[in-house]
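Working notes, structure below.
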Amino acid sequence: QVQLVESGGGLVQAGRSVRLSCLSSKSILSASAMGWYRQAPGKQRELVASITSADSTYYVDSVKGRFTISRDNAKNTLYLQMNSLKPEDTAVYYCNAAFSGDINRYWGQGTQVTVSS
């Protein structure tokens with residue numbers, strides 16, 4: 001069983017930056033894809049950004065140019081650098097990972113990001 005543990009959330013003013021981290025209990029060298037999702041109150045969970053083993057990235061339109069996803073294989077950690085935060089970025093952010101040869105997808109417990117105006 002793989003465990004993903006997010007950290008780095010909190011309360012931040014609009015326009016400021018936050019970096020989220022997701023530490024994996026399994027080497028992410030074997031992760032075929034990893035991503036960050038978010039869920040705001042009353043809304044569906046949405047994919048914010050993802051990165052493949054080939055470092056191909058995807059961003060939802062609303063965060064392009066502001067958020068950057070990256071991975072540090074040596075630290076088994078996925079990051080989400082969030083700049084120029086807006087109140088509409090307020091949500092619980094979840095880390096997700098899929099590993100080669102494993103049909104399961106794994107989720108972290110989530111970390112709250114609240115952006116005040």
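Once the principal axes of the Cα atoms of the stretch 40-100 are found, what is the range along each, listed largest first in whole angstroms?
Extents along the principal axes, in whole Å: 34, 22, 19.
Per q in 0.09, 0.16 1/Å, what log10 I(q)/I(0) does a Debye calculation on the alpha-carbon atoms of the chain return?
One equal scatterer on each Cα of the chain leads to -0.21, -0.68.
Taking amide hydrogens as modeled 1.01 Å from N in the peptide plane, which residues meet the under 5 Å criterion relative to residue 48, leaving out close sequence neighbours?
Counting only residues 5 or more places away or on other chains, the set is 36, 37, 38.
Using a probe radius of 1.4 Å on heavy atoms only, what accessible surface per residue do you get for the chain? Whole Å² is fine. Intermediate values should be presented prior to the final figure.
Numbers: 6170 Å² over 117 residues.
Here the per-residue accessible area is 53 Å².
In whole percent, and with a 1.4 Å probe on the protein chains, what portion of the accessible area of the chain is carbon and sulfur?
Percent of accessible area from carbon and sulfur atoms in the chain: 47.
Give the peptides 102-110, 76-84 in descending order of average Cβ contacts within 10 Å, highest first. Walk me through the intermediate numbers first.
Working: 102-110: 14.1, 76-84: 19.7.
Per-residue Cβ counts within 10 Å, averaged per peptide and sorted highest first, yield 76-84, 102-110.
What do you get for trypsin sites (Lys or Arg not before Pro) in the stretch 1-62 restricted to DSSP loop and a cutoff of at most 13 other Cβ within 10 Å of the site's Cβ? Intermediate results must be reported in sequence, preceding the final value.
Details: sites: 16, 19, 26, 38, 43, 45; in loops: 16, 26, 43, 45.
Of the trypsin sites (Lys or Arg not before Pro), the ones in loops of the stretch 1-62 whose Cβ has at most 13 other Cβ atoms within 10 Å are 16, 43.
What is the Cα radius of gyration of the stretch 11-63 over 2.2 N^0.38 Å, N being its residue count? Mind dumping the intermediate values first?
Numbers: Rg = 13.3 Å, N = 53, 2.2 N^0.38 = 9.9 Å.
Against the compact-globule rule of thumb, the ratio is 1.34.
The values are calculated or read from the model by the stated rules, or taken from the named source; none is laboratory data. None of these values were measured; they are calculated from a predicted model. Glycine also receives a Cβ, built like all others from the backbone with ideal geometry; neighbour counts cover every protein chain displayed. To get the accessible areas, we keep the full protein, side chains included, count just its heavy atoms, and leave off ligands, DNA and RNA. Shrake-Rupley method; radii C 1.70, N 1.55, O 1.52, S 1.80 Å.
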